[in-house]
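Reading through the structure tokens given below for one structure.
No lab work stands behind these numbers, since they all come straight from the coordinates. Since we're looking at a predicted model, the values are computed, not measured. Because the Cβ atoms are built from the backbone with ideal geometry, glycine has one as well, and the counts that use them run over all protein chains shown.
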Amino acid sequence: MRANPRDWRIENLKPVARQAGLTWDQPGTSHVTFRAPNGNKVTVPAHKPIKPVYVRQFIALIDSLGADDND
């Protein structure tokens, strides 16, 4: 994912989010909001495929979990 942020879909992000301890809300069909336990969040459009900028934001959200552990 980090090496190739292209051609990802929401269905691919949800298992990664679950493994990282993120939760998500999908009130409609067009966007999914991923939330970290530290309060950070990122909203990803559910278009297929997801643009790389949103995949990078998702990765940064997961990375922020590790940064909080070092504080």
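Couple of notes before you dig in:
- Around Val55: net Lys/Arg minus Asp/Glu count, Cβ-Cβ under 12 Å: +4
- When shorter helices are ignored and each DSSP H run of at least 4 residues is given -39500 (n - 2.57), the per-residue value for the chain at 222 nm works out to -13500 deg cm²/dmol.
- Measuring how big the chain is from its alpha-carbon positions, Rg and Dmax come out at 11.6, 37 Å.
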